[in-house]
Amino acid sequence: MCGIVGYVGDKNSVPILMGGLKKLEYRGYDSAGLAVFNNGKIEVIREVGNLAHLEKAVAKKEPYGNLGIGHTRWATHGRPTKENAHPHTDCKNGISIVHNGIIENFLELKKNLMGKGHIFRSETDTEVIAHLIEKHYDGDLFKAVQYAVDELEGSFALAAISRDFPDLIVVARKDSPLVIGLGDNEYFVASDIPAVLSHTKNIFILENHEMAKITPRGVWVTNFEGKEVKKDILKVKWSEEAAEKSGYEDFMLKEIYEQPKAIKETMRDKFDRNGQMLFEGMQLGEEDVCKLKKVVIIACGTSYHAGLVAKQAIEHWAKIPVEVDISSEFRYCDPILDENTLAIAITQSGETADTLAGVREAKSKGARVIGITNVLGSTITREADGVVYTHAGPEIGVAATKTLVSQMVALYIFALYLARARNTLSDKKISAITEEIKNLPDQVEKILSGNGVIKKAAKKYANCTNFLFLGRGIGLPVALEGALKLKEISYIHAEGYAAGEMKHGPIALIDDGVPAVVVATKSKVHEKILGNIQEVKARGADIIAVSSFGDTEIEKVVDYVFYIPETTEILSAILAVVPLQLFAYYMAKTRGCNVDQPKNLAKSVTVE
Ligand code: AGP
């Protein structure tokens, strides 16, 4: 996820662009840049790192111009370097563009354009857009953009300017957000409302397959075929701070609600055109996969729970033994690995010191290491042999939510990739599971739309001092994650436990009114978990169950039910974790906790 801005009017665009980028920095901070039209030339300034680096460069060069575009980057293709920073230009530096999204067919387009003599200077997917516009440009920038977007596959919100037009921005939108701020003879372009709010509360929201020609004289919106589209002016009522969270009270809640999109974006580059699993960045061919004797997963915290889910998926589908180790333990237990071991390091930040140390330990023992991360250019991407990216976009809340479900969906698809390579699942079975995976975003959407009972339960138990989270099978990692979420943002002591283990000691903790969350979704151990519910209920516990739609029996036994849609047992973990994220969130809010920056915690634990 990146942030784009643009301005055309009678003011100096530079402070407006910089102010807009500041408001969008939460969307990405690997690099930033701007392009300003000045005296028939386009001046481009780009810097690696967060916006402060660009601010320094701008202060030194003092660019001036009434027309400009800007960009803050969350790298998806191409490391965070100056060459890969936006804006990108065509061969003659006559056209400059900024882009948010992923161009899926960029390699094919790039090859084709290079064959026509275009010179590329970056590794990014975005640069192909500048050269495509150049290819179609015959003096009409709007038309050239129109033809260019016709060739693009994937997602994009883009803004283009040309040195031939001192007061024109052309924008286009497909699957990535774009708004146009409406001023008096001046107009503002941005990925998100916060970036324009200090200038105007009147905006156009560009819809998919819409584009616009923007000059100080007005905004002309059409569809990609050039047919004019009449837009209603939206009057924004949010404060600036609320707008940064798209109207949500906290980044964590916003990120919980972004999960359907995060799953979709993560899936986007993991299937080829024929629906086959695709892991280009991993350097692990089918031959290597067949030689594997063991998989070792190393991770911390929430990522460790993703690893526990991956273990069940890989063992069940690919029939490879998997062990999951907490990173801080792994490196001191003299692990038994060799060249036939695949080590999977799961780390959304790509910077967790314990996990990085585990990677080095695994490599020293000859294992091949792949990293699963959300941050392109993070340390893990330079230390692992191969990388699988989640495309959840920046996660601002310290508590991991959308990065977790993105890790899970990437690992599910990876488990299928291993199963296909080792021929342990039929094509029919793989296609059936793939279809269920593709349904997950809509199923998460369904859970998010019905959170009334979760809020109610949170209100009731917000003052409890102890909580149990119980699960069996695929429900156990979910229970562990639910307990961690509650602990880390509401500061309530919560314990995730194997439900079948309770009778071996912890059941002594149960007393009248002690609340227990039980993951009781449809599974081969469903009857067993119902028995465990009876065990704790008989001793006075209040029960909150996470169950599958249609399981009405359970309502007669427990105090609250958080329902989730039915899916393949192993996939149910990604759904069951969502109500528990919301439960922890509402519990913490009821207790007046700061959910985005919980005490004592950091988003990335770069120390051992
Ligand atoms: C999860 O909500 C916590 N913020 C924490 O446990 C986190 O999952 C852990 O520190 C691992 O982080 P990583 O994925 O960046 O390695």
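The values are calculated or read from the model by the stated rules, or taken from the named source; none is laboratory data. What you see is a predicted model; the values in this text were computed from it and never measured. Methodologically, a virtual Cβ is constructed for each residue, glycine included, from the backbone with ideal geometry; neighbour enumeration extends over all protein chains shown. All accessible areas refer to the heavy atoms of the entire protein, side chains included, with ligands and DNA or RNA removed. Shrake-Rupley method; radii C 1.70, N 1.55, O 1.52, S 1.80 Å.
Here are the numbers for this structure:
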| item | result |
| --- | --- |
| Matching residues, the range 332-347, being assigned to a strand (DSSP E or B) and away from the ligand (no atom under 13 Å from the Cβ) | Thr341, Leu342, Ala343 |
| Tally of residues being open to solvent by less than 50 Å² (accessible area, probe 1.4 Å), away from the ligand (no atom under 16 Å from the Cβ) and either touching an Asp or Glu at 6+ places or on another chain (Cβ under 8 Å) or not in a loop (DSSP other than H, G, I, E, B) (or both) across the range 297-321 | 4 |
| Residues that are in a helix (DSSP H, G or I), in contact (Cβ under 8 Å) with a residue 40 or more places away in the chain and open to solvent by less than 20 Å² (accessible area, probe 1.4 Å), drawn from the range 474-529 | Gly475, Pro477, Val478, Ala479, Glu481, Gly482, Lys485, Leu486, Ile489, Ser490, Ile529 |
| Residues within the range 374-400 that are away from the ligand (no atom under 11 Å from the Cβ), among the acidic types (Asp, Glu) and in a loop (DSSP other than H, G, I, E, B), tallied | 1 |
| Any chance Ala85 is closer than 15 Å to Val98 by Cβ, buried (at least 21 other Cβ atoms within 10 Å of the Cβ) and touching a strand residue (DSSP E or B) at 6+ places or on another chain (Cβ under 7 Å) | yes |
| Test: Thr302 is within 17 Å of Pro477 (Cα to Cα) and either touching a residue at least 40 places away in the same chain (Cβ under 8 Å) or touching a Leu at 6+ places or on another chain (Cβ under 8 Å) (or both) | yes |
| Flag for Gly475 being touching a Ser or Thr at 6+ places or on another chain (Cβ under 9 Å), at pLDDT 95 or above and of a type in the set (Gly, Ala, Ser) | yes |
| Answer from Leu132, Leu107 - the residue that is within 32 Å of the chain's Cα centre (by Cα), open to solvent by 50 Å² or more (accessible area, probe 1.4 Å) and farther than 27 Å from Glu240 by Cβ | Leu107 |
| Single residue of Gly358, Gly371, Gly350 found to be crowded, with 24+ Cβ neighbours inside 10 Å, small (Gly, Ala, Ser) and within 8 Å of the ligand (Cβ to nearest atom) | Gly350 |
| Filter result for Val219 (free of Cβ contacts under 8 Å to residues at least 60 places away in the same chain and over 17 Å from the mean Cα position of the chain (by Cα)) | yes |
| The range 575-592: number of residues that are under 18 Å from the mean Cα position of the chain (by Cα) and not polar (S, T, N, Q) | 4 |
| Any pair with Cβ under 9 angstrom, 6 or more apart, that starts in the range 227-254 at a residue that is more than 24 Å from Ala399 (Cβ to Cβ) and ends at one that is of a type in the set (Asp, Glu) and assigned to a loop (DSSP other than H, G, I, E, B) | Val229/Glu207; Lys231/Glu207 |
| From the options Leu253, Leu292, Leu308, residue that is at pLDDT 90 or above, among the hydrophobic types (A, V, I, L, M, F, W, C) and over 28 Å from the mean Cα position of the chain (by Cα) | Leu292 |
| Matching option when the condition is under 20 Å from the mean Cα position of the chain (by Cα), aliphatic (A, V, I, L, M) and either at pLDDT 95 or above or closer than 23 Å to Lys261 by Cβ (or both), among Ile447, Ile433 | Ile447 |
| Residue among Ile529, Ile570 that is closer than 24 Å to Val453 by Cα, among the aliphatic types (A, V, I, L, M) and either in contact with a helix residue (DSSP H, G or I) (Cβ under 7 Å, 6 or more places away or on another chain) or within 16 Å of the ligand (Cβ to nearest atom) (or both) | Ile529 |
| Verdict on Gly275 being away from the ligand (no atom under 16 Å from the Cβ), among the small types (Gly, Ala, Ser) and either open to solvent by less than 40 Å² (accessible area, probe 1.4 Å) or not in a strand (DSSP E or B) (or both) | yes |
| Among residues of the range 1-40, those that are part of a helix (DSSP H, G or I), open to solvent by 10 Å² or more (accessible area, probe 1.4 Å), at pLDDT below 95 and not basic (Lys, Arg), counted | 2 |
| Extreme residue, farthest from Val409 (Cα to Cα), among residues of the range 578-608 that are assigned to a helix (DSSP H, G or I) and within 11 Å of the ligand (Cβ to nearest atom) | Ala584 |
| Inter-residue pairs, beta-carbon under 8 Å, first more than 12 Å from Leu571 (Cα to Cα) and in the range 404-420, second among the charged types (D, E, K, R) and within 15 Å of the ligand (Cβ to nearest atom), 6+ apart | Leu404/Glu481 |
| Verdict on Ala75 being touching a residue at least 12 places away in the same chain (Cβ under 8 Å), open to solvent by less than 20 Å² (accessible area, probe 1.4 Å) and assigned to a helix (DSSP H, G or I) | no |
| Residue within the range 203-225 that is open to solvent by 10 Å² or more (accessible area, probe 1.4 Å), in contact with a Gly (Cβ under 9 Å, 6 or more places away or on another chain) and under 25 Å from Met18 (Cα atoms) present | yes |
